[in-house]
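Let me begin by presenting the structure, written as structure tokens, before commenting on it.
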Amino acid sequence: MDTSRISFGEMVAGVSAVVLFIVMFFPWYQVEVDRFASDSVSAWQVFDFIDILLLLVVLVAVGVAVARAAGALPAQLPAPPGMIVAGAGALAVVLILVRIISIPGPDVDAAGIDVDRQVGIFLGLLAAAGITFGGYTATNERASGKAPPG
């Protein structure tokens, strides 16, 4: 495995993907019931399907970086690898933004249940933006010839 083959953008996307994976274990929401009991929930606990999609985004970004370093990136892909990573990162950004705007769960304010956003969801958004930026940068580096050969 030759890490000198990895471009700056691929490195940014790969590191951001690892950060997103770790942040998915952080508290994303705080649930408080009648001001007596509260609990924090992570992305793994609160989402049914979005967490799986975020994991796939992580795997795509890390997979491209590892495949490039190993020299095993397939030549025949439907799009440039950086563009695939940027698209996956953009999907993650949109999914997280939707869940920042629309908190999951029923509207139960009248029942004394309060759900608040925690730091994890905002860190996840930053990491997803890093994946998108890294993929976009990798695409431009490869197109302009500024990336390492590989």
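Please treat every number below as a calculation from the coordinates, not as lab data. Since we're looking at a predicted model, the values are computed, not measured. Heads up, the Cβs are rebuilt from the backbone with ideal geometry, glycines too, and the neighbour counts pull from every protein chain shown.
Residue 113's amide H: which non-local residues (gap 5+, or another chain) put their own amide H closer than 5 Å, with H modeled 1.01 Å from N in plane and none for Pro or chain starts?
Long-range HN contacts for residue 113: 34.
Can you work out D for the stretch 3-144 in µm² s⁻¹ from Stokes-Einstein, where Rh is the Kirkwood radius over C-alpha pairs, the temperature is 20 °C and the viscosity is 1.002 mPa s? Spell out each step's value before the answer.
Numbers: Rh = 15.9 Å.
It comes out at roughly 135 µm²/s.
Sort 75-81, 117-123 for me by packing, meaning the mean count of neighbouring Cβ atoms within 10 Å per residue, highest on top. Present the calculation step by step, with values, prior to reporting the outcome.
Numbers: 75-81: 10.9, 117-123: 16.6.
In descending order of packing, they fall as 117-123, 75-81.
Can you give the Kirkwood hydrodynamic radius for the stretch 54-132, in Å, rounded to one decimal and based on Cα pairs?
Values: mean 1/r = 0.0692 Å⁻¹.
Value: 14.4 Å, from the Cα pair sum.
Around residue 92, with a cut-off of 13 angstrom between Cβ atoms, what is the net charge of the other residues, counting Lys and Arg +1 and Asp and Glu -1?
Every neighbour counted, the sum reads 0.
First measure r as the distance between the Cβ atoms of residue 34 and residue 102, then evaluate 1/(1 + (r/R0)^6) with R0 = 35 Å and state the FRET efficiency to the nearest 0.05. Walk me through the numbers before you get to the answer.
Numbers: r = 23 Å, r/R0 = 0.67.
Result of the calculation: an efficiency of 0.90.
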